[in-house]
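The values are calculated or read from the model by the stated rules, or taken from the named source; none is laboratory data. From a predicted model like this one, the values you see are computed outputs, not experimental measurements. Methodologically, a virtual Cβ is constructed for each residue, glycine included, from the backbone with ideal geometry; neighbour enumeration extends over all protein chains shown. Side chains are part of the model used for accessible areas, which takes the heavy atoms of the whole protein and leaves out ligands, DNA and RNA. Shrake-Rupley method; radii C 1.70, N 1.55, O 1.52, S 1.80 Å.
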Amino acid sequence: MHKNVKLLIFGCLLTVAALICVPCFAEGAEEIAEAAEAVSPFLNSFWALIPPIIAIVLALITKEVYSSLFVGIAAGALLLNNFHLENTMNRLFTGGFIASVTDAYNEGILVFLVLLGMMVSLMNKAGGSAAFGRWAQTHIKTRVGAQLATILLGVLIFIDDYFNCLTVGSVMRPVTDKHKISRAKLAYLIDATAAPVCIIAPISSWAAAVAAFADDGVGLKLFISAIPFNFYALLTIVMMVGMVLLKKEYGPMKRFEVNASKGDLFSGKNPYATAEAEEKDDGKGSLLYLILPVIVLIVCCTLGMLYTGGFFSGENFITAFSNSDASIGLMLGSFFAIVFTALYYLFAGAMKWNDIMECLPNGFKAMVPAILILIFAWTLKDITIELGAKTYVHDIVLGSAGSFQKFLPAIIFAIACLLSFATGTSWGTFGMLIPIVQSVFPMDNPLAIVCISACMAGAVCGDHCSPISDTTIMSSAGAQCDHVNHVNTQLPYAVTCAGVSFVAYIVAGFIPNAWIALPIALALMALTLVIINAATKKTA
């Protein structure tokens with residue numbers, strides 16, 4: 001049956017390709033020229049969301065992300081160029097993949113990702129990860145303790161979500177593996193402490209992004225004021241901790257955790273098996289071989305972000321973070337950290353110079369799956385935005401502003417969820433919606449802060465659920481978990497939290513007071529956990 005489904009999907013794709021290509025080749029020279037110059041009728045409409053929908057649906061059906069993303073990108077390029085074949089091919093490669101790779105910000109993130117992969121390879125080879133695993137086995141004695149330690153580390157690393165994903169993953173993998181916690185559950189814990197924590201941390205790259213998207217002079221103040229109303233982020237943390245303490249799982253995650261308790265951490269193949277094979281466990285590695293490089297990495301990345309924001313040129317700490325460039329800052333920080341790590345291992349006698357140099361390409365190779373998915377995801381995001389998804393959503397929000405004012409926070413939350421899920425970008429989503437809200441409401445209106453918070457919460461929620469989100473991709477890479485497995489197992493948890501948040505935003509629309517709305521939201525989440533606990537007992 002599974003084979004037949006794949007053949008059916010493959011046949012459908014070939015049919016679609018044929019239907020697209022035949023008219024293109026059948027056109028005369030004049031018709032081709034006219035098609036090339038014509039404005040696409042699919043711009044600024046629901047069609048702008050079709051490419052990511054295609055990619056997401058195919059990924060969930062086929063469990064294969066690369067071809068699914070490519071089909072989505074190809075569909076977007078065809079729509080963007082009005083089914084003109086030559087222009088489509090140019091947009092697909094020159095204006096698509098090549099443009100994504102050569103974008104300055106994206107290049108910085110890719111270099112950061114590669115350097116992190118190299119650092120993880122060095123720590124594994126030196127025995128630092130194994131030493132931490134032995135220490136954790138002595139001091140962290142339960143599965144609950146291992147998961148709570150992962151959550152705590154994720155909350156503490158609030159500076160940037162990319163940095164969070166890879167650092168928490170590399171540090172905590174040995175611990176969670178020892179306690180037979182599935183890689184899918186680890187990926188969820190990483191993902192749930194990445195964007196949801198950064199979006200409520202005033203000193204983070206996310207706070208800087210929000211400050212940049214808001215009106216001049218009020219960005220950071222607006223961000224801090226919106227924190228108590230950021231229901232999705234706050235409730236995600238509450239739900240995550242509650243599920244760990246209750247020792248409950250549901251949906252696909254339950255099967256993965258049952259298999260992990262029997263020794264199968266992946267419930268399938270391990271896409272990062274090559275990197276893990278390098279891990280040294282001869283009992284000679286020191287705990288400092290892991291802790292010291294990670295501390296240096298955190299310090300260097302923080303300093304790197306402050307440097308890009310002008311801190312060392314006279315700007316104050318808050319302003320420097322608001323103006324920081326996470327791409328350059330993280331790249332510089334990780335570079336100096338890897339130089340320190342290599343020299344430290346060399347002089348400590350942990351590794352020989354040749355062994356250190358061997359780890360560099362191995363670390364690069366370990367990150368190839370994440371790099372490939374990121375490049376595909378960036379390309380799909382750019383095409384979706386170019387098709388006019390922002391304009392389409394802008395019109396929907398403005399059209400509903402007058403008649404449904406009390407329900408507007410919930411409506412904005414839902415729209416932000418869908419847009420972020422489809423495009424895979426939370427920054428782009430709240431960057432588009434925050435100015436719209438500011439144009440609809442004066443800032444002295446109590447609903448303004450609630451709606452702005454709904455923008456941010458919805459953007460994080462969609463980003464959290466989306467298989468094409470770079471944060472979701474990096475969470476998979478950090479946990480060294482199959483990406484589709486991570487998406488499938490995380491989705492029910494994220495959707496549950498989104499449902500509670502939606503109801504909370506309806507309440508906040510009528511009672512825009514954080515002292516009342518937030519306790520109600522927390523009570524709703526507590527009730528949800530009680531229901532989940534009761535339901536899972538019946539099915540146990």
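Pick from segment 433-467 the residues that are at pLDDT below 80 and among the β-branched types (Val, Ile, Thr): which of them is nearest to ALA194 (Cα to Cα)?
The initial filter retains those residues of segment 433-467 that are at pLDDT below 80, namely 433-446.
From the residues that got through so far, the ones that are among the β-branched types (Val, Ile, Thr) too are 434, 436-437, 440.
Numbers: ILE434: 21, ILE436: 26, VAL437: 25, VAL440: 30 Å.
Selected residue: ILE434.
Looking at segment 239-250 only, could you name the residues that are open to solvent by 10 Å² or more (accessible area, probe 1.4 Å) and either over 14 Å from TYR188 (Cα atoms) or more than 21 Å from the chain's Cα centre (by Cα) (or both)? Outline the logic, then answer.
In the first step, residues of segment 239-250 are kept if they are open to solvent by 10 Å² or more (accessible area, probe 1.4 Å); the result is 241-242, 245-250.
Residues satisfying the conditions are GLY242, LEU245, LEU246, LYS247, LYS248, GLU249, TYR250.
Does segment 98-119 contain any residue that is farther than 22 Å from ILE373 by Cβ, in a helix (DSSP H, G or I) and in contact with a helix residue (DSSP H, G or I) (Cβ under 7 Å, 6 or more places away or on another chain)? If you could, list the steps in order and put the result at the bottom.
Filtering segment 98-119 for residues farther than 22 Å from ILE373 by Cβ gives none.
The answer is no, given that none of the residues of segment 98-119 is farther than 22 Å from ILE373 by Cβ, in a helix (DSSP H, G or I) and in contact with a helix residue (DSSP H, G or I) (Cβ under 7 Å, 6 or more places away or on another chain).
Taking the criterion of being within 20 Å of LEU374 (Cα to Cα), in a helix (DSSP H, G or I) and aliphatic (A, V, I, L, M), would at least one residue in segment 62-70 satisfy it?
Just the residues of segment 62-70 that are within 20 Å of LEU374 (Cα to Cα), to begin with: 62-70.
Right, trim to in a helix (DSSP H, G or I) and you get 62, 65-70.
Filter again for aliphatic (A, V, I, L, M), leaving 65, 69.
So far as segment 62-70 goes, yes, one or more of its residues are within 20 Å of LEU374 (Cα to Cα), in a helix (DSSP H, G or I) and aliphatic (A, V, I, L, M).
I'd like the residue in segment 277-286 that is assigned to a loop (DSSP other than H, G, I, E, B) and loosely packed, with under 15 Cβ neighbours inside 10 Å and, out of all such residues, is modelled with the lowest pLDDT.
By that ranking, first place goes to ASP281.
Specify the residue that is surrounded by the most Cβ atoms within 10 Å (Cβ to Cβ); the eligible residues are those in segment 112-141 that are under 24 Å from MET474 (Cβ atoms) and of a type in the set (Val, Ile, Thr). Write out each step before concluding.
First, the residues of segment 112-141 that are under 24 Å from MET474 (Cβ atoms): 112-126, 128-130, 132-133, 136.
When the remaining residues are screened for being of a type in the set (Val, Ile, Thr), the result is 114, 120.
Working: VAL114: 22, VAL120: 31.
Here the residue is VAL120.
Is it the case, given these coordinates, that ALA477 is surrounded by fewer than 19 Cβ atoms within 10 Å (Cβ to Cβ) and either of a type in the set (A, V, I, L, M, F, W, C) or modelled with pLDDT under 90 (or both)?
Values: surrounded by fewer than 19 Cβ atoms within 10 Å (Cβ to Cβ): no; either of a type in the set (A, V, I, L, M, F, W, C) or modelled with pLDDT under 90 (or both): yes.
Spelling it out, it is not the case that ALA477 is surrounded by fewer than 19 Cβ atoms within 10 Å (Cβ to Cβ) and either of a type in the set (A, V, I, L, M, F, W, C) or modelled with pLDDT under 90 (or both).
When LEU522 is evaluated against the numbered criteria (1) touching a residue at least 60 places away in the same chain (Cβ under 8 Å); (2) under 13 Å from PHE229 (Cβ atoms); (3) crowded, with 23+ Cβ neighbours inside 10 Å, which criterion, by number, is the only one it fails?
(3)
Across segment 75-109, what is the number of residues that are open to solvent by less than 20 Å² (accessible area, probe 1.4 Å) and farther than 26 Å from VAL57 by Cα?
Total satisfying the criteria: 2.
Within segment 294-314, is even one residue open to solvent by less than 50 Å² (accessible area, probe 1.4 Å), among the aromatic types (Phe, Trp, Tyr), farther than 25 Å from PRO174 by Cα and in contact with a helix residue (DSSP H, G or I) (Cβ under 7 Å, 6 or more places away or on another chain)?
For segment 294-314, residues open to solvent by less than 50 Å² (accessible area, probe 1.4 Å), among the aromatic types (Phe, Trp, Tyr), farther than 25 Å from PRO174 by Cα and in contact with a helix residue (DSSP H, G or I) (Cβ under 7 Å, 6 or more places away or on another chain): absent.
So, in segment 380-415, of the ones that are open to solvent by 20 Å² or more (accessible area, probe 1.4 Å) and aliphatic (A, V, I, L, M), which residue ends up modelled with the highest pLDDT? Walk me through how you get there before you give the answer.
From segment 380-415, those open to solvent by 20 Å² or more (accessible area, probe 1.4 Å) are 381-382, 385-386, 390-392, 394-396, 398-399, 402-407, 411, 414-415; that's our starting set.
Filter once more, so that each one left must be aliphatic (A, V, I, L, M): 385, 396, 398, 411, 414-415.
Working: ILE385: 77, ILE396: 67, LEU398: 62, ILE411: 87, ALA414: 90, ILE415: 85.
Checked segment 380-415; the qualifying residue modelled with the highest pLDDT is ALA414.
Pairs please, first residue from segment 324-340 and closer than 15 Å to ASN106 by Cα and in contact (Cβ under 8 Å) with a residue 40 or more places away in the chain, second anywhere and charged (D, E, K, R) and open to solvent by 50 Å² or more (accessible area, probe 1.4 Å), Cβ atoms under 8 Å, 6+ apart in sequence or on different chains.
What qualifies is SER327/GLU107.
Search segment 503-519 for residues being open to solvent by 20 Å² or more (accessible area, probe 1.4 Å) and among the aliphatic types (A, V, I, L, M), and hand back the single one that is nearest to ASP463 (Cα to Cα).
Selected residue: VAL503.
I need a count of the residues in segment 165-186 that are within 20 Å of GLY329 (Cα to Cα) and either among the charged types (D, E, K, R) or free of Cβ contacts under 8 Å to residues at least 60 places away in the same chain (or both).
Number satisfying all stated conditions: 0.
Residues are listed down the side, and each one gets a yes or a no for (1) farther than 30 Å from VAL484 by Cα; (2) surrounded by fewer than 18 Cβ atoms within 10 Å (Cβ to Cβ); (3) polar (S, T, N, Q):
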site: LEU346; (1), (2), (3): yes, yes, no
site: MET351; (1), (2), (3): yes, no, no
site: MET357; (1), (2), (3): yes, yes, no
site: ASN362; (1), (2), (3): no, no, yes
site: PRO369; (1), (2), (3): no, no, no
site: LEU374; (1), (2), (3): no, no, no
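Find all pairs meeting these conditions: Cβ atoms under 6 angstrom apart; at least six residues apart or on different chains; first residue within segment 224-235 and without any contact (Cβ under 8 Å) to a residue 40 or more places away in the chain; second residue open to solvent by 40 Å² or more (accessible area, probe 1.4 Å) and not charged (D, E, K, R).
Close Cβ pairs satisfying both conditions: ILE224/PRO202.
I need the full set of residues from segment 485-502 which are touching a residue at least 60 places away in the same chain (Cβ under 8 Å), open to solvent by 10 Å² or more (accessible area, probe 1.4 Å) and β-branched (Val, Ile, Thr), in order please. I'd like the intermediate steps shown before the answer.
Restricting attention to segment 485-502, the residues satisfying the condition of being touching a residue at least 60 places away in the same chain (Cβ under 8 Å) are 485-494, 496-498, 500-502.
Next, from what is left, pick out any that are open to solvent by 10 Å² or more (accessible area, probe 1.4 Å): 485, 488, 491-492, 496, 498, 500, 502.
The answer is THR496, VAL500.
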